[in-house]
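Everything on this sheet refers to the single structure shown next.
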Amino acid sequence: MPTAPDPDALTALLPALACPHCGGALTATPAGVACDDGHAFDRARQGYLALHAGVARAAGDTAAMVAARERVLAAGHLDGTLAALVAAATAAAGSAPAGPVLDVGAGTGAHLAAVLDALPARHGLAVDVAAPALRRAARAHPRALAVGGDAWQGLPVASGSMSLALVVLAPRPGAELARVLRPQGRLVVVTPEAAHLQELREPLGMLAIGEAKPAALDQALAPHLTRVEDAVHEEVRHLPRSDAVDLALSGPTGHHRAREELAAAAAALPDPVAVTLSLRLTTWRPTTDPPSPPAR
Ligand SMILES: C[S@@+](CC[C@H](N)C(=O)[O-])C[C@H]1O[C@@H](n2cnc3c(N)ncnc32)[C@H](O)[C@@H]1O
């Protein structure tokens with residue numbers, strides 16, 4: 001159930017934010033936040049802080065894609081994924097120092113909210129480039145703050161400020177993720193496996209999963225981070241056809257196909273339709289961290 005943002009979330013998370021123009025510290029102003037160099041950023045009426053450095057290069061998800069994601073989440077189809085993420089994140093938090101949780105490409109903020117529920121002493125920062133996502137993320141959890149920013153242009157986050165970072169089916173700027181983590185901090189990444197939504201790909205004309213190869217993940221992260229955990233969560237769900245359409249729409253295919261097109265193609269599918277969810281959860285630590293002492 002979405003909740004109103006706690007005004008204290010901004011106070012708690014302010015030291016973890018950085019000016020997207022100069023990297024300086026931010027302080028609260030009546031309209032939002034500003035740095036000492038005079039760069040000022042407004043808090044939107046819906047509660048999120050727009051910390052964009054100029055015009056974002058990434059388009060982010062459309063309103064239709066975010067609404068589809070919200071329906072898929074509300075129907076409980078991603079509950080198993082959510083539970084697997086919470087388990088990975090709480091295990092990772094056990095090895096990480098105290099501090100906030102960052103979710104990059106947070107979408108509706110549902111994943112961050114589930115992780116914050118499991119980590120009651122932490123606050124969380126939901127970063128996304130898309131306004132329809134930010135409007136929802138701003139109300140996702142009382143201990144969360146939603147912040148607008150383009151992950152590919154640099155995260156508006158202070159260096160070494162985050163205990164834990166999450167990236168769920170979203171951009172993975174490796175150098176930036178390593179920069180914002182505290183020493184011994186942890187990053188948990190969720191990526192699709194080749195079998196993910198395999199029953200829908202051909203019938204709905206979905207994009208192939210280019211990033212399903214472990215090499216693609218390593219290419220993005222391995223120069224800056226070291227993999228410490230690796231697991232696959234796989235399940236088959238029986239979805240009403242319209243929910244299968246939402247699932248397709250809420251991923252990269254949503255940038256290329258309208259809901260009507262996907263719904264027309266889905267008419268040939270059984271109703272309900274069996275759909276495989278297959279996601280890899282990997283946990284990483286900054287490579288610059290000293291290695292753990294050898295076991296005695
Ligand atoms: C497939 S959705 C996943 C959302 C959420 N993590 C989830 O699993 O429900 C990808 C998200 O990444 C966001 N995104 C895409 N490019 C981005 C960028 N350059 N910076 C920040 N967010 C971005 C999109 O707007 C979208 O909300």
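Taken together, the values in this text are just the output of simple stated rules run on the coordinates, not laboratory data. Quick caveat, the model's predicted, so the values are computed rather than measured. A quick note on method: Cβ atoms are made from the backbone with ideal geometry, for glycine too, and the neighbour counts reach across all protein chains shown.
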What FRET efficiency comes out for Asp42 versus Ser95 if R0 is 45 angstrom and r is the Cβ-Cβ distance? Round to the nearest 0.05. 0.75
In the chain, which whole DSSP H runs stretch at least 18 Å along their own axis (Cα) and average -0.5 or higher on the Kyte-Doolittle scale? 79-95
Simple label model, 7 Å out from Cα along Cβ direction - Ala53 to Val232, nm: 3.8 nm
Label-point gap, in nm, between Asp79 and Ala222 - each point 7 angstrom along Cα→Cβ: 3.8 nm
Suppose every K and R has +1 on its Cβ and every D and E has -1 on its Cβ; what is the size of the dipole of segment 157-296 about the Cα centre, in Debye to the nearest 20? 620 debye
Segment 139-215: percent of C-alpha pairs farther apart than 15 Å? 67 percent
So, with +1 on the Cβ of K and R and -1 on the Cβ of D and E, and no other charges, what is the size of the charge dipole of the chain about its Cα centre, to the nearest 20 debye? 380 debye
Difference of contour (0.36 nm per residue) and Cα-Cα distance, Ala175 to Ala215: 12.7 nm
Starting at 0 and stepping by 10 Å, how many percent of the alpha carbon pairs of the chain end up in each bin? 7, 29, 35, 21, 7, 1, 0
For a Förster distance of 30 Å, can you work out the FRET efficiency between the beta-carbons of Ala131 and Ser159, rounded to the nearest 0.05? 0.65
Got the relative contact order for the chain handy, in percent, Cα pairs under 8 Å and 6 or more residues apart? 20 percent
Per DSSP helix of 4 or more residues, -39500 (n - 2.57); summed, then divided by the residues of the chain. What does that give at 222 nm, rounded to the nearest 500? -8500 deg cm²/dmol
